[in-house]
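> Got a structure for you, written out below as structure tokens; questions coming shortly.
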Amino acid sequence: MLTVSEISKSANVTADSVRHYVRIGLLKPERNPDNGYKLFKTDDVKKVRFIRQAKGLGFKLNDIKKIINHSHKGESPCPIVRKIIEQHIEENKTKLAELNALQKRMENALKKWQSMPDGEPDGHAICHLIESVNNY
């Protein structure tokens, strides 16, 4: 049996991460009857490493919980893994397009602002640079 600090060191995560995984139900430690400390099985190290790997692929903790639950039920989690990653890929494409559009607007604004003089607050404008840009 391992303590929080032992499992966190073995899985290369913070103790706070391990505690969070316990709070949200990804890990279910036993309690030491003598001192109330949470005790983990050595298999929990494998589970925490799996969580780290899944997070590295963009899976959210709720996704990981679904995957683990499928596995614990004896069901193959592979179909749901594919479905979730496909959804994340589409979300990422949308976010990337939005970020690219934002980057272009920022570059265009800066290009325009290079030739504009600095303005003094005059009660009519907050910052004439920003107010000179048409975002819509």
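The values are calculated or read from the model by the stated rules, or taken from the named source; none is laboratory data. Computed from a predicted structure; not experimentally measured. Cβ: placed from backbone, ideal geometry, glycine included. Neighbour counts: every protein chain shown.
> Determine whether residue 86 is assigned to a helix (DSSP H, G or I) and under 30 Å from residue 129 (Cα atoms).
Criteria not met by residue 86.
> A further question on this structure: Might you let me know whether the stretch 100-109 holds any residue that is of a type outside the set (S, T, N, Q), out of contact with any Cys (no Cβ under 6 Å at 6 or more places or on another chain), in a loop (DSSP other than H, G, I, E, B) and surrounded by fewer than 16 Cβ atoms within 10 Å (Cβ to Cβ)?
no
> Is it the case that some residue within the stretch 91-105 is in contact (Cβ under 8 Å) with a residue 12 or more places away in the chain and either within 30 Å of residue 26 (Cα to Cα) or in contact with a Gly (Cβ under 7 Å, 6 or more places away or on another chain) (or both)?
Checked against the condition, which is being in contact (Cβ under 8 Å) with a residue 12 or more places away in the chain and either within 30 Å of residue 26 (Cα to Cα) or in contact with a Gly (Cβ under 7 Å, 6 or more places away or on another chain) (or both), the stretch 91-105 yields at least one hit.
> Among the residues of the stretch 11-36, which ones are charged (D, E, K, R) and within 16 Å of residue 54 (Cβ to Cβ)?
Within the stretch 11-36, none qualify.
> Next question, about the same structure. Would you check which residues across the stretch 57-110 are under 20 Å from residue 20 (Cα atoms) and hydrophobic (A, V, I, L, M, F, W, C) and list them?
Matches in the stretch 57-110: 57, 59, 61, 64, 67, 68.
> I've got another one for you. Looking at the stretch 24-43, which of its residues are assigned to a helix (DSSP H, G or I) and either at pLDDT 95 or above or among the polar types (S, T, N, Q) (or both)?
Correct list: 42 only.
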